[in-house]
């Protein structure tokens, strides 16, 4: 990391759209043990990451990739997607075109447990709710991923129970669009 951890914690968390130039960094992150355990269980090759995560590839599946920034330092990956018609056995009962799903991971283990995940999720929620067509945001952490569940709760998500996904059981968590002021 470029900056001492404690000094970095006070920096703002923002998002920028991921670019092709971020693939090598994402590959590095996706191969770190703290991410591998929750994100597929395998260490992907650079070619696999390129084939799956290039922004134009993700756009074909209606996935929008972001890089979480801590000040001017990239520190996390995040993505949103249209839940309706996601395919592959995901959210087959969804009928609302305004529902967005989210996923994210922090690239540096030393930044875990410091509240940055909740700040990242809140930044993503803010971006998604700028679109008036977005009605609800959902996510699906593994039931034993207590850190992620706590992160989402801190970001205003509520649990609606356990669902079965193509990846196995998950805690279905949602955050509704805030009422208009």
Residue hits (segment 29-50; touching a strand residue (DSSP E or B) at 6+ places or on another chain (Cβ under 7 Å) and at pLDDT 85 or above) are 29, 35
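What number of residues in segment 107-121 are outside any helix (DSSP H, G or I) and within 12 Å of the chain's Cα centre (by Cα)?
At the first step, the residues of segment 107-121 found to be outside any helix (DSSP H, G or I) are 107-108, 112-115.
Among the residues that remain, those that are also within 12 Å of the chain's Cα centre (by Cα) are: 107.
Result for segment 107-121: 1.
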Looking at (1) out of contact with any helix residue (DSSP H, G or I) (no Cβ under 8 Å at 6 or more places or on another chain); (2) farther than 16 Å from residue 65 by Cα, can you tell me which one residue 123 breaks?
(2)
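Looking at 103, 167, 126, 140, can you tell me which residue is surrounded by 19 or more Cβ atoms within 10 Å (Cβ to Cβ) and closer than 28 Å to residue 25 by Cα? Break it down stepwise before answering.
Numbers: 103 fails: surrounded by 19 or more Cβ atoms within 10 Å (Cβ to Cβ); 167 fails: surrounded by 19 or more Cβ atoms within 10 Å (Cβ to Cβ); 126 fails: surrounded by 19 or more Cβ atoms within 10 Å (Cβ to Cβ).
From the options 103, 167, 126, 140, the qualifying one is 140.
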Strands (runs of 3 or more DSSP E) contained entirely in segment 1-100, each with at least 2 residues that are without any contact (Cβ under 8 Å) to a residue 24 or more places away in the chain
73-82
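Quick check on residue 147: is it crowded, with 18+ Cβ neighbours inside 10 Å and touching a helix residue (DSSP H, G or I) at 6+ places or on another chain (Cβ under 8 Å)?
No.
Is there a residue in segment 106-121 that is out of contact with any strand residue (DSSP E or B) (no Cβ under 7 Å at 6 or more places or on another chain), surrounded by 14 or more Cβ atoms within 10 Å (Cβ to Cβ), more than 22 Å from residue 164 (Cβ to Cβ) and touching a residue at least 12 places away in the same chain (Cβ under 8 Å)? I'd like the intermediate steps shown before the answer.
We begin by selecting, within segment 106-121, every residue out of contact with any strand residue (DSSP E or B) (no Cβ under 7 Å at 6 or more places or on another chain); these are 109-110, 113-115, 118.
If we keep only those that are surrounded by 14 or more Cβ atoms within 10 Å (Cβ to Cβ) too, we end up with 114, 118.
In the following step, the residues that additionally are more than 22 Å from residue 164 (Cβ to Cβ) were identified as 114, 118.
Keeping just the survivors that are touching a residue at least 12 places away in the same chain (Cβ under 8 Å) gives 114, 118.
Yes, segment 106-121 has at least one match.
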Can you pull out every residue in segment 22-53 that is buried (at least 18 other Cβ atoms within 10 Å of the Cβ) and out of contact with any helix residue (DSSP H, G or I) (no Cβ under 8 Å at 6 or more places or on another chain)?
22
Can residue 133 be described as out of contact with any strand residue (DSSP E or B) (no Cβ under 9 Å at 6 or more places or on another chain), closer than 17 Å to residue 63 by Cα and surrounded by fewer than 17 Cβ atoms within 10 Å (Cβ to Cβ)?
yes
Among (1) surrounded by 16 or more Cβ atoms within 10 Å (Cβ to Cβ); (2) modelled with pLDDT of 95 or more - the single one residue 16 does not satisfy
(1)
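The values are calculated or read from the model by the stated rules, or taken from the named source; none is laboratory data. What you see is a predicted model, and the numbers here were worked out from it, not measured in a lab. Please note: Cβ atoms are built from the backbone with ideal geometry, for glycine as well, and neighbour counts cover all protein chains shown.
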